[in-house]
Amino acid sequence: MIKENLKIVEENILAACKRAGRSRDEVTLIAVSKTKPVEMLREAIEHGMVDFGENKVQEMCDKIDVIPEKLNWHMIGHLQRNKVKYIVDKSYLIHSVDSLRLAEQINAEAQKKNVVCDILLEVNIANEESKFGLSSEEVPELLAKIKNMKNVRVKGLMTIAPFVDNPEDNREHFRNLHKLFIDMREQTSDNISMEVLSMGMTGDYEVAIEEGATMVRVGTGIFGARNYNI
Ligand SMILES: *Cc1c(COP(=O)(O)O)cnc(C)c1O
């Protein structure tokens, strides 16, 4: 099943890149493996997947412990400050930084471990009450404060778009985040370089690619529906 699903997702990504006049290698597919057993990740690895997304610190650490392959582990879930220390040297990229306090904690823990941690700023682009993330206005303010942190590197922006039936309904949100991403390129400094735009999930990754996503996070489309009751 995973093999077939990956083939379909890959075809969809390629088609979206073509429609947008973009090259396929501008887009990284992250397999979101949260709640899924290690066997399923192994299958995805066999079929060439390298980038995996998890939203819980404990689950990500458990999986890293039993999977020997060198993979890119993406922390995509809301992150509590007291858990930063467990993943700061294991994450390829932390997508969900939404406060100065969290960025400071990551910087401090990264310093202790003598690493530089790559992060994205999470933006609540549709201003949904139920969602974590910065408002667009808060992004330049936070970037200015992160500028002097030596063990954190900001690579770009991330958003979780609203859950919609019609992916076209999110096009405007993706377009707005892309605009912000381009504006923020002017904030480049030693530790800020806007290269990554992480947006698009199973329901809307094709629209996200058309609007400039460089990373899409696909769970259900690769591994099937999640069961949270087990
Ligand atoms: C679960 C999750 C995804 C994947 O969602 P699907 O709809 O299953 O593709 C992507 N991003 C984040 C932040 C998630 O928590």
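The values are calculated or read from the model by the stated rules, or taken from the named source; none is laboratory data. Please read all numbers here as calculations on a predicted model, not as lab measurements. Counting neighbours? That spans all protein chains shown, and the Cβs are built from the backbone with ideal geometry, glycine included. Note: accessible area is taken over every heavy atom of the protein model, side chains too, but ligands, DNA and RNA are not part of it. Shrake-Rupley method; radii C 1.70, N 1.55, O 1.52, S 1.80 Å.
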For this session: Please grab the % of Cα pairs in segment 69-149 that end up more than 16 Å from each other.
Result: 50
For this session: Whole number in Å², please: accessible area per residue of segment 2-223, 1.4 Å probe, ligands, DNA and RNA not counted.
Result: 47
For this session: Give the carbon-plus-sulfur fraction of the accessible surface of the chain in %, rounded to a whole number; probe 1.4 Å, heavy atoms of protein chains only.
Result: 48
For this session: Enumerate the aspartates and glutamates that Lys112 could reach by cross-link, defined here as Cα to Cα under 12 Å, with residues fewer than 8 away along the same chain left out.
Result: Asp89
Exercise. What is the gain in length, in nm to one decimal, between Ile67 and Lys7 on full extension, counting 0.36 nm per residue of separation less the C-alpha to C-alpha distance?
Worked result: 19.3 nm
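Loop-only chymotrypsin sites (Phe, Trp or Tyr not before Pro) in segment 198-229, please: DSSP not H, G, I, E or B, and at most 13 other Cβ atoms within 10 Å.
Tyr228
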Exercise. Counting only complete DSSP H runs, which helices of the chain cover 24 Å or more along their long axis at the Cα atoms and score a mean Kyte-Doolittle of -1.0 or above?
Worked result: 2-19
Problem set entry | For Cys17, net neighbour charge (Lys/Arg +1, Asp/Glu -1) across residues whose Cβ lies under 10 Å away | 0
Problem set entry | Theoretical gain in end-to-end length, Leu14 to Asp183 [0.36 nm per residue, Cα-Cα removed] | 58.1 nm
Problem set entry | Residues with amide H under 5 Å from that of Thr28, placed H, sequence gap 5 or more | Met215, Val216
For this session: Would you please give the FRET efficiency between Phe163 and Asp89, computed as 1/(1 + (r/R0)^6) with r the Cβ-Cβ distance and R0 = 35 Å, to the nearest 0.05?
Result: 0.60
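How much mean residue ellipticity at 222 nm does the chain get from its helices, if each DSSP H run of length 4 or more adds -39500 (n - 2.57) and you divide by all residues, to the nearest 500 deg cm²/dmol?
Values: 9 runs with 87 residues, N = 230.
Result for the chain, helices only: -11000 deg cm²/dmol.
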Exercise. Too long at a 19 Å Cα-Cα cut-off: which of Lys131/Lys155; Lys56/Lys83; Lys36/Lys63?
Worked result: Lys131/Lys155
Exercise. Which three lengths, in whole Å and largest first, does segment 2-223 cover when its Cα atoms are put on their principal axes?
Worked result: 45, 41, 32
Exercise. What size of dipole, in debye to the nearest 20, comes out for the chain about its Cα centre when the only charges are +1 on Lys and Arg C-beta atoms and -1 on Asp and Glu C-beta atoms?
Worked result: 720
Problem set entry | 12 Å Cα-Cα reach of Lys179 towards aspartates and glutamates, excluding residues that sit fewer than 8 places from it in its own chain | Glu211
